[in-house]
Amino acid sequence: MINKVQILSVTPPSNLDAYIRIANLWPMLSIEEEKSLTKRLRYNSDLDAAKTLILSHLRFVIHISRNYSGYGLLQADLIQEGNIGLMKAVRRFNPEIGVRLVSFAVHWIKSEIHEYVLRNWRIVKVATTKSQRKLFFNLRKTKKRLGWFNEEEIQIVARELGVSSGDVREMESRMSAQDITFNPLPEEDFDCRTNTSMQYLQDKTSDFANGVEKNNWQEHASNKLSNALLGLDKRSRDIIHARWLDKNKKNTLQTIANNYGISAERVRQLEKNAMKKLKIAIET
């Protein structure tokens, strides 16, 4: 098992040229040396053997990473991702299959670099399906000139890569697009008169119209209730307020009855009659 010590030992430093020189100075392995080391790793979990295998193949990762220099990503980052693929290959390699380690490792190195490029080439993921990934890494090599493909070229590319012409058009469009910032201006320099992409984004968390409508309805209902209460006599108004509109507590019928020196049943009757009058006043 390859641990973090090995990962750190093959991470490109800030001085990339020095890293490349050191990687190229590490001697390449003969067939016999490679077979001996891979067997020690596979059958004895020899980490020293794993380290030697990795370091002796760093030059191949550097070489492969140069093929991805056209995507605007740092070569040091591409090398680092390729090194991860190399380590995975070393861990999985079977010395009994009869091929050199580098032939087996190429797939793993490219796979890790591909994933890194797809994650970082654009803010929005540009390729998700298998056919889109194939197109992404082949369109640049297929294009013989600047500008967009014509219809004949689209059909040729689609046939060579085994994808549909629609997939070719869509991927070409995606690769030609550029990321733009939502708000390119610093906050302190923001001018409401300046149009930015952020100003055109829909805020799905906001429901301004419904909020205004709700507030207007609440205000309307509150005014109707206030006017309806004014149509009641003072005792009935006090009973409704004590029973339903007091935010601190809801008074019982007996409490109100004690305050007015009447029975609880009489309070219930007054409350019922007042509620009927309020309902009629509010609905009209």
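The values are calculated or read from the model by the stated rules, or taken from the named source; none is laboratory data. Keep in mind that this is a model prediction, so the values were computed, not measured. Note that we place each Cβ from the backbone using ideal geometry, even for glycine, and neighbour counts take in every protein chain shown. The area values use the complete protein model at the heavy-atom level, side chains included, leaving out ligands, DNA and RNA. Shrake-Rupley method; radii C 1.70, N 1.55, O 1.52, S 1.80 Å.
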- Note on the structure: Counting only protein heavy atoms and rolling a 1.4 Å probe, one gets per residue an accessible area for region 226-283 in Å² of 70 Å²
- If you roll a 1.4 Å probe over region 226-283 with all protein chains in place, what percent of the accessible area is carbon or sulfur? 51 percent
- Message: Rounded to the nearest 10 Å², what accessible area does His241 have for a 1.4 Å probe in the complete protein model?
- Response: 90 Å²
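Can you bin region 6-121 into rounded, prolate or oblate? Criterion: square roots of the alpha carbon gyration tensor eigenvalues sorted a ≥ b ≥ c, rounded for a/c under 1.5, prolate for a/b above b/c, oblate for the rest.
Prolate.
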- Task: Please work out how much accessible surface Trp26 shows to a 1.4 Å probe, ignoring ligands, DNA and RNA, in Å² rounded to 10.
- Result: 100 Å²
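Per residue, how many Å² of accessible area does region 6-121 show with a 1.4 Å probe?
Values: 6080 Å² over 116 residues.
That works out to 52 Å² for each residue.
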- Excluding ligands and nucleic acids, what accessible area in Å² is computed for Glu96 using a 1.4 Å probe, to the nearest 10? 110 Å²
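With all protein chains present and a 1.4 Å probe, how do Lys276, Lys247 order by accessible area, largest first? Please list the in-between numbers first.
Numbers: Lys276 115, Lys247 195 Å².
The residues order as Lys247, Lys276, largest area first.
Could you rank Leu47, Leu74 by how accessible they are, 1.4 Å probe, largest area first? Could the numbers behind the result be given before it?
Values: Leu47 60, Leu74 115 Å².
Final ranking, largest accessible area leading: Leu74, Leu47.
So what's the net charge close to Glu283: Lys and Arg +1, Asp and Glu -1, counting the other residues with Cβ under 14 Å from its Cβ? Could the numbers behind the result be given before it?
Working: positive: Lys224, Lys276, Lys277, Lys279; negative: none.
Every neighbour counted, the sum reads +4.
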- Item | Potential extension, Ser30-Ser111 segment - 0.36 nm per residue separation minus Cα distance | 26.6 nm
- Item | Estimated vicinal HN-Hα couplings, Hz - region 236-250 in sequence order (Karplus 6.51, -1.76, 1.60; Gly, Pro = x) | 5, 5, 5, 5, 4, 5, 5, 8, 10, 10, 7, 6, 7, 7, 9
